[in-house]
Amino acid sequence: MRESGKNFENLLPQETPKEVERMGLTWLIAAAIATVALWQVPAGDYILYPFTILATWFHEMAHGLMALILGGQFDKLQIFGNGSGVATYRIARSLGPIGPALVAAAGPMGPPIAGAVLILASRSFKAASLSLKILGGFLLLSTLVWVRSLFGFVAIPLLGLIILGIAFKAPRWVQGFAIQFLGVQACISTYHQLNYLFSYSAGPLGLSDTAQVERYLFLPYWFWGALMAIASLVILARSLQVAYR
């Protein structure tokens, strides 16, 4: 009877792994295109609001963590309801101009790099599940250690708990899609702030990140903005290519 059941299962039409991968990749590309389209309509910002907050968290955390890596200090992180954020940090002076330039560039490049890591983690269920747990846990940890704004105290741990809920309770396919979708959203968030990349001023905060890079490395800010935009697209394409190889 067992042998008969096995033969019967073999006769059922099944999708090959490659067909499943193509289907998943198609949906992810469609989600990326839909996201860019939603940015163009007023209601789109409300639909994508949680991802905007998460991208801001990636951006500002990248500033602060890069400062720490280079021997400086990461004092606090503020996230606001309009989707903006500020990281307060101090940079080690021994690095000369390259240190401040790297910290400034880390902000815009933080979301696509984090997104690529999440997409690559989707290559196996264990890695996807672990990455969701690490991301959710780090959101909670960052709230305790660095977040110092009222909105941030509510939004950041809420996002962390939702991601942890997916990691512990959702089916495997949901976890796999969630980690990929979050990765794509992080990568393409660069294009949501495209005007910022090509802006010299950040308003009341002073110079934009690309203008700060210009200040220390001399080439014009629009050159660095274009370089970061291209790099973000290459990172997304390459990470998808490796994940679906």
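With respect to the conditions (1) assigned to a helix (DSSP H, G or I); (2) closer than 27 Å to ILE98 by Cα, ALA167 falls short on a single one, namely (2). Restricted to segment 1-73, the set of helices (runs of 4 or more DSSP H) holding at least 2 residues that are at pLDDT below 80 and either in contact with a strand residue (DSSP E or B) (Cβ under 8 Å, 6 or more places away or on another chain) or farther than 25 Å from PHE181 by Cβ (or both) comprises 2-11.
Among the numbered criteria (1) under 24 Å from GLN241 (Cα atoms); (2) open to solvent by 70 Å² or more (accessible area, probe 1.4 Å); (3) of a type outside the set (Phe, Trp, Tyr), which single criterion is violated by LEU161? For LEU161, the exception is condition (1).
The C-beta contact set for segment 59-78 (first residue open to solvent by 50 Å² or more (accessible area, probe 1.4 Å), second residue in a strand (DSSP E or B) and among the charged types (D, E, K, R), distance under 9 angstrom, 6+ apart or interchain) comprises GLN73/ARG90; ASP75/ARG90. Against the condition under 12 Å from ALA55 (Cβ atoms), touching a residue at least 40 places away in the same chain (Cβ under 8 Å), in contact with a helix residue (DSSP H, G or I) (Cβ under 8 Å, 6 or more places away or on another chain) and not small (Gly, Ala, Ser), how does GLN212 come out, does it pass? No, not satisfied.
For segment 88-109, filtering for residues that are closer than 16 Å to GLY183 by Cα and open to solvent by 10 Å² or more (accessible area, probe 1.4 Å) leaves 1. For segment 179-205, enumerate the residues that are in a loop (DSSP other than H, G, I, E, B) and either open to solvent by less than 40 Å² (accessible area, probe 1.4 Å) or within 26 Å of LEU135 (Cα to Cα) (or both). Those that are in a loop (DSSP other than H, G, I, E, B) and either open to solvent by less than 40 Å² (accessible area, probe 1.4 Å) or within 26 Å of LEU135 (Cα to Cα) (or both): GLN193, SER199, ALA202. Scanning segment 206-245 for residues that are surrounded by 15 or more Cβ atoms within 10 Å (Cβ to Cβ), of a type outside the set (A, V, I, L, M) and not in a helix (DSSP H, G or I) gives SER208, TYR244.
Please specify each residue of segment 129-168 satisfying the condition of being of a type in the set (D, E, K, R) and more than 22 Å from GLN180 (Cβ to Cβ).
Hit for segment 129-168 is ARG148, nothing else.
None of SER149, SER129, SER142, SER124 is under 22 Å from LEU28 (Cβ atoms), open to solvent by less than 30 Å² (accessible area, probe 1.4 Å) and polar (S, T, N, Q) except SER129.
The values are calculated or read from the model by the stated rules, or taken from the named source; none is laboratory data. Remember, it's a predicted structure, so these values are computed and weren't measured experimentally. Ideal geometry is used to build each Cβ from the backbone, glycine not excepted, and the neighbour counts take in all protein chains shown. Heads up: the accessible areas ignore ligands, DNA and RNA and are worked out on the full protein's heavy atoms, side chains in. Shrake-Rupley method; radii C 1.70, N 1.55, O 1.52, S 1.80 Å.
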